[in-house]
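Here the structure is laid out as C-alpha cells; the discussion comes afterwards.
The values are calculated or read from the model by the stated rules, or taken from the named source; none is laboratory data. Quick caveat: nothing in here was measured; it's all calculated off a predicted structure. As a convention, Cβ positions derive from the backbone with ideal geometry for all residues, glycine included, and neighbour counts pool all protein chains shown.
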Amino acid sequence: MKELFRKPYVFWVVGIFIFYLILNIILSGFYYTIPLIVIYAKSVDWVKLGISLGLTLMIGVLVAMTSVLAFMRYKQRKECKKESAVAGVGAIGGLVVGVCPLCITGLLPLILSFIGISFSFASLPFQGIEIQVLVVLVLLGSLLMLKK
C-alpha cells in the first residue's frame, strides 16, 4: 500500500480520483442539484446528504487506489483478472448510484428509463445509501485481494 503514495503512482491516484468524481458528477447530473440544495436548504436532510457525499468521496478514493494497485500488480505478475474484475464492478457500481442517489439520477435509473421502466433509489429503505455502502464493501474487498 505504501507503493501507492510514491511517485509516480500518487499522481495517478489523484488523477483517477478527480476524473472519477468529474465523470460521476456529469453522468448523474449533480451539477443541476447544487443550486436546488441552496434554494431548498431548510428542507434538505443534511445527514443523509452528508453520508451520501462522504460515501461518494470514499468510493472515488477506493476506485483510484484499486485501479492503480491493479495496474501495479499486473506489471508484477501479469495475472490479476479476478481482482481487476471486482474492482471494475465496484467502479461501475459507484457510477450507477451517482453522487447522491436520492437527489439525482444515477446511471441505472437513466438506463432503465430508456426501456420505459421508472426507477428511483428514493424508493429503497435508505434512499440508495445502502447501495453506496455495498459498493464501498466491494471495493474494499477488491483492494484486500490486490494487496495479497
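Here are some notes:
- Taken together, Val63, Val47, Val68 contain a single residue that is without any contact (Cβ under 8 Å) to a residue 40 or more places away in the chain, on the phi < 0 side of the Ramachandran plot and in a helix (DSSP H, G or I), which is Val47.
- The residues on offer are Ala70, Ala85, Ala41, and the sole one that is within 30 Å of Val10 (Cα to Cα), at pLDDT 80 or above and not β-branched (Val, Ile, Thr) is Ala70.
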